[in-house]
Each structure stands twice: as structure tokens, then as C-alpha cells.
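Worksheet: one structure, shown below.
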Amino acid sequence: MKTCKKSVLALGIQASLFAAAMGLSPALIAQESDKDQAQEEAKLERIMVTAQRRVQSTQEVPISIATLSGEKFDALFSGGEDIQALANKIPGLYAESSNGRAAPRFYIRGLGNTDFDLAASQPVSVIMDDVVMENVILKSFPLFDIAQAEVIRGPQGTLFGRNTTAGMVKFTTARPTQDFEAYTKLGVGNLGTLNFEGAASGGLTDEISARLSVMSQNRDDYIDNGFTGEKDFTGGHEEKAARLQLQYESGDFKALLNVHGRDLNGTSSIFRRNVLTKGSNELNENYDRDTVYYDGGEGNYQKYENNGGSLTLEYAFNGMTLTSVTAQENADGGGIGDIDGGNTAGPGQSVVDPAVTEDQLNDLKQFTQEIRLASDTDGPMNWQVGAFYFDSSFGVTSIDGFFGATSVYHENKSWAVFGQTTYDLNDRWDVTAGIRYTYDEKDFWVGQQNVDGFALVIGAASIQDYDPINVDDDQVSWELATNYRLTDTTSVYARIAEGFRAQSIQGRDVAFEKPASVADSETITSFEVGAKSDLLDDSLRLNGALFYYTIDDIQLSAIGGETQGNQLINADKGVGYGFELDAEWRVTKNLVLGGGFSYNKTELKDADLLVAPCGSDMCTPTDPASGDLVLIDGNPFPQAPETIATVNARYDIPVPSGEIYVYTDVAYQGKTNLFLYESEEFYTDGNYEAGLRIGYLNTNFDYEVALFGRNITNQDNLKGAIDFANLTGFVNEPRIYGIEFKKSFY
């Protein structure tokens, strides 16, 4: 992809003029009054969450929850990062992708799915404005004008959308307001980075309010192609998105219409050939962040469009509130990748045939309907009941230079009924119980196969060789929790929960003349105890949780290796245990320290389960061998960091017109195995990234100017690998630094 070669300064001036023409001058969202009061009194503000489908203080919910909002959230995305920027910023949460910005893979407490296909099923749900984003492309919708992000750890099968065995990441966008407010934000940085975000909100009538939010993120191609000699060959992106919300309120009735869309023209993950050396997991002399040696892949381009809308209706009557959420999401697009990392990684490497794969998502349609009835009283018992319906269909076309093009199609229908109640035994002790019945059905069939060249010579399979697949299952999930307030500022809780992920179908291998695979349903039983406290006169918040879970028939993806496959398999059992700690301390009115730590031990338990290790004897597997395969019993889950540590600090210096502040954050990732098997090469340990923000905040005129930097030490962190033909790896985003302007208007 090529971006415009105008100077960054000229682009910045144009964006500023555009913002002015819209009447939204550059902006900072005003701090809420309770936050200002908390700062004045050297206390922490109260954080409200909706983890139990009603607004509660995070300290009152018997679930392990972490939140991000305001300045902390904005700092993470100041360089134009995508949703993967959340990785390692919250204890227990990790994210990565081998599909660039378009298809993130999330892991909570070590539980996720490494499947790179566009039809991959994941045990972590992403919820955007109360709508489940099931497909991996929907999960990547850009984050802008966000009010709050919540990470809810552990099974969440009772109340939210589809069942999830690992947990969920929940985003709530800023809502329309009757009072006029607007902001713009413009960031300019290195590598041609130019980011714009803005929103305007206000009342159209006494009963109707609206909010329009827009964003644009751009980065120039900055990676050269050493094989062809082409400069600025790949690495950039252009992404635009918008959201319009209309809200109607009259008496006991409220309606919210949300319409949104996104257009991504970017780059798939940058695969780098032979950047590891046999016997070592360290990046070697072949690695150069600014150069690749591609003999195919068309620059690893990536293009996706998705749009959708939701209608939320609420009606309050007789101590109850009836809520309906109806939503439709659509997506199309595709990307291409030189997946073996190119022809050569540097001097002395041999010439090989290119390995290029193209994937297209065809006509994704997702419809969801949820109806909830919830109590709205001050009595000792609160309850909710509801029903949920999910209907999704899409096609995936895989195009390989050797086997040709194959299209497969997926349909998924699911429905559920659920209920949950919380009862206050007294003014300090409450208990919560929930139950859910889910039915899930999936269909899969093979469409047209276009084969030519070598594929015809070797006799590619025809569509008649693949029978349609239909699987279905149903399950009852439940949870039981209790919360006891030891004091007015300290509580302890315990929770037992069961979760369920229905059978999954993966048809990618059909494109390579192999059968589709089906994984049986997995069920998780999770035990959790924790404590939440506000100490030192509400200036120190300390929350912690211990957890243990077992997963029967855990779904896994056996990817790559010498077989070059992508097969779903089940292990007899998976076990995980550990703890999380979240802390924030307002040391003084001007200094706030925060952070957290998680320890997560995972283990696969299946004495007979075999997978294919790396191809061509290129790596050093450490698991017991059985012929050409290896046993993975006792191995950690793939892409499951054993430890995550985060630290952040903010210090401000008051000045007559506002303040000068410094904000910094550091995230550390402990040992992480990349595949199902273990080897000397394919793991990471000690990855870290740091961010810095130095700004001036003018409270008289509500504007802010700040210098920002992400990955300020320019760490080269291995994020993933491809193991079928060579020691190919892909890494994190480069250092991005620049200046950002904000201004609010009321």
C-alpha cells in the first residue's frame, strides 16, 4: 500500500482546517466532576462497571474485573495502534495476530485460540455496546470515542451474548448527551503517522439527542523490499471509521440507534524468514525491522470493510425494566501474505519457491437479538431473565499458488434463555446465582474449487469428495457467587462458574486437499476467590483474585508443523491456576501510581495426544517423539503468558492556567510458548514495551498538547512464528512518537 507523499506538516494543517470547518476545534474531554473532587481530596474516584448487566461499583461485583478509560486508555492508542495494544496492559489479558490489524486473537488467563483462519472460534468474547462481535474481523473494529473498557475474567456464560469459557473484553462508547459537547484530537508522528479523532454530541429536540464520532488513522509504508530493491514497500495502513448514535427519551421509554462503519486498507502481518537460529529463540542477524526480502505477496496488502447497526429499546414499568437489543453486522474483505517470509532473509540464504496465501471473507452477516427483563427496586433481591438469538453466515475463500482457490461456507445458529438473581442476606452479605440453557448448531459445506496448473496434475479433490457437515449441541451453564463486606471499604468474594463453547468446524485444510476438522464442545469449571479494598482513606485501591479452572475436551488448533495443516483437535483436559493483582494508589494530589501482576500456570493433560512439530528438522523439539509426531501432554497452552506485569505513573505540576504532567506505562510479558509443542526456538520470555506522554493541560480554555511515544525503547519482541519450512517470525509494532493536540468545546 502507498500513502500520499505530502509532508506530515501539510497533512496536519489540512486536518486542522477540516476540524475548524466542522466547528470542532482540536480537544480534550473534560474531566468528570467526581474525578476532580477525588483529585482535590487525594482520593481515588469510584469506577462503575456493567459486568452483571446493571451499573455497579467494581468493588461490589464478585468477579475479577479490570477497567481502562480516560487518559490511560487514550495514551495506549496515541500512536494509532489497533485493539492489540491492550495486550499485557491488563493482568491476565493478552492479544496477538498473524493477520495484521484485522483479526486479533485474545487470551484471558491463558485461554484462547491460535487459529489464524477467518472462521476461527475463540473462547474470549468481544462485546461492543452490548453486541457480541463473534467473527475475528468484527472483533477488530477500531476503538474511538470510548467511554470505558472492561476486562471480565473467567467464564461468562450466564448473562452475556454467546457463551464464553475464558472471559470477555467489553467496550462502551460515549453516549449522546442533551447538552452540547464536542472534541477533536489530532496526532502527528514519525513514519508518516497522522491520526484524527473527533465527536460532537447534543440535543436535537427536548427528547432526541445525537452523537457523531469519527476517526482516521494513517501510517506510511516504511519497510523496504531487499529482494526487489523497492523502497517503502509495505508496513503502512489507512483506516477510517464513523459512528452515529441517535437517542430518544420520553418518560419511561428510551431508544438508542447506533449505526457504524469501517474501511481498512492496511498490511497483513510482516513475516520474516529465518530470523531465528536453530537452538535459540533470539532474533538473529537476518532480522531487520525496516527490510524484508519478499518474492511474492503483493506487499502483504489487507482490505476490509464492515458496517452494522443496533437498536436498543428500554421501557421501565412497575419496578422492572424491559430491554431489547437488536443488531446486524456485515463484513467483506481479504488479505494476502508471503507466509514463508520471503525468498531470503539476508546474505547466504538459499533461493526457495514462494509460499503465498490469500484469504477472503465473503458476505459475513451476523444478526443478534437479546431481550432482558430486570428488576428495578431497592429491595434485597435483584433479578434478571432473558433470551438471546444468534444467526451468522459467511464464506471463506483460500487461494494458494499451488492448489488454487477453494471456497467454504459456515452457518451458525444459536439461542439461549437465562436468568440471574442477587439476594442481600443482610447489609453486608449477598449471594448471586445464575443459570443458562444454550442450543448451538453449525453447518459447513464446500463451494466452488478453482484449480489449475500443478493442482490439476496432482489430482485436486472435487467438491463431491466433501460431504456437508452439521453439528449441534446444547448445555446448561451456571454460576454461584457470594460477596461479603468485611468493612465499609473491604470485601471478599467467592465464585464457582461453568462455561460452555459449542463444537467448532475448521474447513481451511479443504483448500489443501485435506478434510475439514471438527472439535467437540468444551466445558469449563472455574473456581475463584478474591478480595477488593479501598484503603488509606480511599487513596489506595487493591484488588486480588486466586483462580483454578479445568476444561474438559479443550478445543485446540494444530497449526503448521511439517504437515502444514490447520486441524481442530480436542485434548482430554486443560488446567489453569494462578492469581491476579490490580492496584492504584494516589500517593499525593499530584502523583498516582498504578499497575498489576498476574501469574498464570496452564497445562494440557492428554497422555496420547500427538501433533506435528516443525518441518524439515529446522527446530529442536523438546517433547517426547513418536515417529514424526511429538507428545504434548503436560505442555502449557499456546500463547499463554506465564506472567504479566504492568506499571503506570502520572505526576502533574500545577500552573496558573492548568497543569504540566508526565505519564508513563510499562508492560512486561513472561515466558510464552508459541505452539502446542515445545522447542528451543519457538517461545518468548522477557518481552516488554514502555510508553511515555508529556503534556500541558490548559483548564481555562480546555485544550491539551502532548508529546507521546509508544514502544519508546524500540524493543524488537517476537510475537509469533511460522514453522512449516523455516524459522519465520513476526514482531511487535515499531517505536512511534509524535505530538498530539486536543480541544474540547461546550
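Summary table
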read-out	value
Distance between modelled label sites at Thr713 and Ala147, nm, 7 Å Cα→Cβ extension	3.8
Rg/Rh ratio calculated on Cα atoms of the stretch 149-272 (Kirkwood radius)	1.12
Unit charges at the beta carbon, dipole of the chain: most positive-side option, Tyr651, Asn732, Thr193	Tyr651
Volume per residue that the Cα convex hull of the stretch 48-184 spans, once the total is divided by residue count, Å³	117
The stretch 399-443 - percent relative contact order, Cα under 8 Å, separation 6 or more	41
Cβ charges +1 (Lys, Arg) and -1 (Asp, Glu), total dipole of the chain, debye	1600
Residue-averaged 222 nm ellipticity for the chain, from DSSP H runs of 4+ at -39500 (n - 2.57), nearest 500	-1500 deg cm²/dmol
Backbone HN-Hα couplings from phi across the stretch 696-702 [Karplus 6.51/-1.76/1.60, Hz, Gly and Pro as x]	10, 10, 9, 7, 6, 10, 6
Accessible area (Å², 1.4 Å probe, nearest 10) - His260	20
Solvent-accessible area per residue for the stretch 190-303 (1.4 angstrom probe, square angstrom)	39
Diffusion coefficient, µm² s⁻¹, Stokes-Einstein with Kirkwood Rh over alpha-carbon pairs of the stretch 461-580 at 20 °C and 1.002 mPa s	120
As computed over the stretch 691-746, the Cα convex hull volume per residue (Å³)	94
Check: the stretch 72-145 dipole with +1 on Lys, Arg Cβ and -1 on Asp, Glu Cβ, in debye	280
GluC sites (Glu not before Pro) within the stretch 251-325, DSSP loop, no more than 16 other Cβ atoms inside 10 Å	Glu282, Glu285
Surface share of carbon and sulfur [accessible, 1.4 angstrom probe, percent] for the stretch 148-266	54
For Ser679, distant residues with modelled amide H under 5 Å away	Thr622
Kirkwood hydrodynamic radius (C-alpha pairs) into Stokes-Einstein, the stretch 533-630, 10 °C and 1.306 mPa s, D in µm²/s	92
FRET E, pair Thr489, Asp378, Förster distance 25 Å, beta-carbon r, rounded to 0.05	0.65
Cβ charges +1 (Lys, Arg) and -1 (Asp, Glu), total dipole of the stretch 524-574, debye	40
Charge dipole (the chain, unit charges on Cβ, about Cα centre) - positive-most of Gln715, Thr672, Gly297	Gln715
Table column - 3J(HN,Hα) (Hz), the stretch 638-649, Karplus curve with 6.51, -1.76, 1.60, x for Gly and Pro	x, 6, 10, x, 5, 9, 9, 10, 10, 9, 9, 8
Charge context of Arg710, other residues only, Cβ under 13 angstrom, K/R +1, D/E -1	-3
The stretch 661-746: GluC sites (Glu not before Pro) falling in loop per DSSP and having at most 16 other Cβ within 10 Å	Glu680
The stretch 170-244: chymotrypsin sites (Phe, Trp or Tyr not before Pro) in DSSP coil with no more than 16 other Cβ atoms inside 10 Å	Phe180
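The values are calculated or read from the model by the stated rules, or taken from the named source; none is laboratory data. All of these numbers come straight from a predicted model, not from anything done at the bench. Please note: Cβ atoms are built from the backbone with ideal geometry, for glycine as well, and neighbour counts cover all protein chains shown. Note: areas computed on protein heavy atoms with side chains; ligands, DNA, RNA excluded. Shrake-Rupley method; radii C 1.70, N 1.55, O 1.52, S 1.80 Å.
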